[in-house]
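The values are calculated or read from the model by the stated rules, or taken from the named source; none is laboratory data. Because the structure is a prediction, the values reported are computed rather than measured. Because the Cβ atoms are built from the backbone with ideal geometry, glycine has one as well, and the counts that use them run over all protein chains shown. Ligands, DNA and RNA are excluded from the accessible area calculation, which covers all protein heavy atoms including side chains. Shrake-Rupley method; radii C 1.70, N 1.55, O 1.52, S 1.80 Å.
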Amino acid sequence: MKTLLLSGFCFVCFFATAQVSAQSKNTRGGFLDFNLYPHLTDVDTDSVFTLNAAAKLGQRFSYFSLLNLYSQEGSDSLGDADAFYTEQNIRWQIRENSPLDLTLQMNLRTGEDNDRHRLGIRWRLSDTSFLQAFFKSIHLRYAINLHAVQFDHEDPYIWQLEHSFMMKFPYISNRLYLAGFADHIFNQDLPSTIPANPVVLEAQLGYRLVENFFIVSEYRLNQYRRSDVNNLAIGLQYKFIW
């Protein structure tokens, strides 16, 4: 299975590069990044493969998605994957040069009656006129998304704050970056063993080795897990930008 995953990882990287002409004609910029994690320190059933995708579309629309594949219980970190989780996001900038977007997020995952859809508004603080100089000075891009309305099988009054960030370190190396997200969920009916307002967080430190290949170390925190809340994943990333 390890050989299959590694071969598949290389094939997907090659296929993505081969699609540059077609994709660039249909979008105004975007990226794909493929992440493979051969080593997980604490939770072997955590995500072993992640695909992130983004594209700028016409009429002030944009797209972002992530796909996680999870290892099977009892297998090693690159064992058989038997579960998935994906977020599909459509965003619409409310007017030209505005730092505000209306958002639709669709969550799909393994299992029945557990998909979730959200409507919200996203504030790109680092694109806000009176904050731009500050964020540029620290080489940070940061946005917060208020998912105010949720559609699923649970209480409709659940809401979420989603933080996303990307920081670079040109004063250390142009090859180095730190990126990630933090989801903060409110008003969900949860067992007493889980915090009242749980947080799911990932922070990825990446270093470019050569061309578009990076070595990455990803700290993960998932307060929905009743044990092994923390995890560290170490792996490789291929990034394709157009």
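Values for this structure:
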| read-out | value |
| --- | --- |
| Accessible surface, 1.4 Å probe, highest first, among residues 209, 190 | 209, 190 |
| Leading residue at positive end of dipole, segment 32-155 (Cβ point charges), from 53, 146, 102 | 102 |
| Summed side-chain charge close to residue 200 - residues other than residue 200 whose Cβ falls under 12 Å, Lys, Arg +1, Asp, Glu -1 | -3 |
| Surrounding net charge for residue 57, when Lys and Arg each add one and Asp and Glu each subtract one, Cβ distance under 11 Å | +4 |
| Difference of contour (0.36 nm per residue) and Cα-Cα distance, residue 130 to residue 174 | 13.2 nm |
| Out-of-range pairs (alpha-carbon distance over 19 Å; input 56/136; 136/239; 56/239) | 56/136; 136/239 |
| Segment 35-129: GluC sites (Glu not before Pro) in DSSP coil with no more than 15 other Cβ atoms inside 10 Å | 73, 96, 112 |
| Shape of segment 77-181, Cα gyration tensor, a/c cut at 1.5 | oblate |
| Gain on full stretching of the segment that runs from residue 106 to residue 154 - 0.36 nm per residue minus C-alpha separation | 15.8 nm |
